[in-house]
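The values are calculated or read from the model by the stated rules, or taken from the named source; none is laboratory data. These numbers were taken from a predicted model, which means no experiment stands behind them. No Cβ is skipped: glycine too gets one built from the backbone with ideal geometry, and neighbour counts run over all protein chains shown.
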Amino acid sequence: MSMQTQRGSLPVVLLKEGSSENKGREAQKNNIQAAKIIAEIVRSSLGPRGMDKMLVDSLGDVTITNDGATILKEIDVQHPAAKMLVEISKTTDSEVGDGTTSAVVLAGALLENAESLLTQNVHPTVIVDGYRKASRKALQYLKEIAEEVTANDKLILTKIARTSMQTKIVRKDSDYLADLVVKAVLSVAEKDNNKFVIDQDDVKVEKKAGSSMKDSTLIEGIVLDKEVVHSGMPKKITDAKIALVNSALEIDKTEFDAKINISNPQQMKTFLDEENRMIKNMVDKVIASGANILLCQKGIDDMAQHYLARAGILAVRRVKESDLTKLAKATSARIVTNLDDLFEKDLGSAQLVEERKIEEDRWVFVEGCKNPKAVTLLLRGGSQRVVDEVERSVHDAIMVVKDVMENPAIVAGGGAPETYAATKIRAWAKSLEGREQLAVEKFADSLEIIPMTLSENAGMDPIDTLTNLRSKQLKGEKWTGIDVMKAKVGNMKTSEIIEPLSVKNQIVSSATEAACMLLRIDDVIAIAKSAGGPPGGEGGMPGMGGMGGMPGMGGMGGMPGMEGMEGMM
């Protein structure tokens, strides 16, 4: 055999040993399969009749939830394609708060339907183009059926919050909690050029196990999970004048080592007296401002506590910076860094500041603030698991109320807008030519996964329900959806099941983007993890990298367990 042919038959090795590559149809199949599994996990938790998941982490901590984003965050997914679906649930959660499960279920359906086209040899790019066009159309149709509302219409906002909460564990108390959420969001909303701007962080959510959900309250002010620093201080002050300080009421320690030579006891006394005088001077500045409440971000010296208690001032130390900012918004106080700058005009006001015992903890309540721009929702529940889930539900409700106030348009719930968009897209698909038409039709089928899953989770017959829903939608009844609690197809408006348009838009666009991105992947190259430190010389044997500089061992890489010893001679 000639040298030429021998050389020609040598394999070309590009990737590191242990790396793997999946190409073409195989790669797509693998990715789609992973995405379908993720969608399947959360699918059964969609809607008011959806089931909950119990997630147990490596430490044995239990989370019970039906919030899509929480489920996917807790299960710690490893597959790279599946991670993309986890990403869209996270994004949806942070952008609009609700609809995390729907987004993942829709993305799973889009990929599943694309798979049947791929087996018919429709090119992925054609599918992607069709999906993108259909997604733009879907957003257009959703906008068509959306109803403009008044941004601060309390009745509409309460219905929105209630719809969001009815899919959660808090369903039986959703009326009461929805009312609290709407009051909270309305009080922190700022108006800017006829538009509302809301920072959901201004609604502080504190939770405590014990009692029932009905005992949750809205506090017109801030609750601090801290206690009063000194037992001699008053525990309750009405008509509070509040000083917010973010520097310590302590003597600063020097940054460098400092020695003080003291040769007789008198000098020691003078030294300590001077320290006391400095601390008393700080406390005097607080007293002089007229404050009877001191909330400090840093420490308060024992001696300072004594002087403050003697002056009848209630003080709390180590208050979180975020809480201090909220307190400034709630009480109209100014946060002071230097005590020399503390004057009466910098003080905030509240009707009542009181330390109360909540279960086994003592918390300080700053309440009765006039026109507060930050408030607190104190949530209660029978056990820690319940109260955690109540918190997640309230977060979603706060977000949907914020969505409607910032973009005042609503659509029906219960799968009505998805079915409407699907019906319209099917009709529009007929005007398209070529294989793109198939992709657009598959997009319409995918949208119907939402009403289909809702009916399945409610124990209804999915096929009968869907055909009934389609026929009513074709007659132009755009508010017709699945009333899951009554287990029938009905008018969502009369059932008061409404959702923000921005949530639906987010679900459609994020699911389409994720599906398109995964469909365009035709090659998955997984690089093996490097075994050891920097490779020595010519790399050596696996696991033996890193001793490149040792004499006489140029390219051998060294012995195992001795990585990273370059240059040792």
Could you go through the stretch 179-188 and let me know if any residue there is crowded, with 20+ Cβ neighbours inside 10 Å and in the same structural domain as L308 (by TED's automatic domain parsing). no
Checking T101, T158 in turn, the sole residue that is modelled with pLDDT of 90 or more and outside the structural domain of D445 (by TED's automatic domain parsing) turns out to be T158
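For the condition touching a strand residue (DSSP E or B) at 6+ places or on another chain (Cβ under 9 Å) and either crowded, with 17+ Cβ neighbours inside 10 Å or among the hydroxyl-bearing types (S, T, Y) (or both), what is the one hit in I88, I38, I145?
Exactly one residue qualifies, and that residue is I145.
Any idea which of K214, K195, K236, K191 is outside the structural domain of V366 (by TED's automatic domain parsing) and more than 15 Å from E406 (Cβ to Cβ)?
K214
On the given criteria, is N66 farther than 27 Å from I521 by Cβ and out of contact with any helix residue (DSSP H, G or I) (no Cβ under 7 Å at 6 or more places or on another chain)?
It is true that N66 is farther than 27 Å from I521 by Cβ and out of contact with any helix residue (DSSP H, G or I) (no Cβ under 7 Å at 6 or more places or on another chain).
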**Asked** Residues in the stretch 250-273: is at least one aliphatic (A, V, I, L, M), closer than 22 Å to D341 by Cα and modelled with pLDDT under 85?
**Response** yes
Note to self: Among the residues in the stretch 234-245, are any basic (K, R), assigned to a loop (DSSP other than H, G, I, E, B) and out of contact with any Phe, Trp or Tyr (no Cβ under 7 Å at 6 or more places or on another chain)?
What the structure shows: yes
Of the candidates D202, D225, the one satisfying the condition of being in contact with a strand residue (DSSP E or B) (Cβ under 8 Å, 6 or more places away or on another chain), surrounded by fewer than 17 Cβ atoms within 10 Å (Cβ to Cβ) and at pLDDT below 90 is D225
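Helices (runs of 4 or more DSSP H) wholly in the stretch 85-177 with at least 3 residues that are farther than 26 Å from L438 by Cα and among the aliphatic types (A, V, I, L, M) - which ones?
In the stretch 85-177, the matching helices (runs of 4 or more DSSP H) lie at 154-165.
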- Message: Among the residues of the stretch 260-277, are any without any contact (Cβ under 8 Å) to a residue 60 or more places away in the chain, surrounded by fewer than 17 Cβ atoms within 10 Å (Cβ to Cβ) and within 28 Å of P372 (Cβ to Cβ)?
- Response: no
Filtering the stretch 50-79 for residues that are under 16 Å from the mean Cα position of the chain (by Cα), part of a loop (DSSP other than H, G, I, E, B) and farther than 17 Å from I37 by Cβ leaves a count of 2
The condition from (1) at positive phi; (2) without any contact (Cβ under 8 Å) to a residue 24 or more places away in the chain that K320 misses is numbered (1)
Practice prompt. Considering every residue within the stretch 306-318, establish whether at least one is closer than 27 Å to D201 by Cβ and either touching a helix residue (DSSP H, G or I) at 6+ places or on another chain (Cβ under 6 Å) or at pLDDT below 85 (or both).
Written response: yes
Residue set R385, R426; condition surrounded by fewer than 24 Cβ atoms within 10 Å (Cβ to Cβ) and either touching a residue at least 24 places away in the same chain (Cβ under 8 Å) or in a loop (DSSP other than H, G, I, E, B) (or both); output residue R385
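Looking only at the stretch 73-114, which residues are hydrophobic (A, V, I, L, M, F, W, C) and within 19 Å of T419 (Cβ to Cβ)? Show your work before the answer.
Step one: list which residues in the stretch 73-114 are hydrophobic (A, V, I, L, M, F, W, C), which gives 75, 77, 81-82, 84-86, 88, 96, 103-107, 109-111, 114.
Result: A103, V105, L106, A107, A109, L110.
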Expected single match for hydroxyl-bearing (S, T, Y) and outside any helix (DSSP H, G or I) among S495, S471 is S495
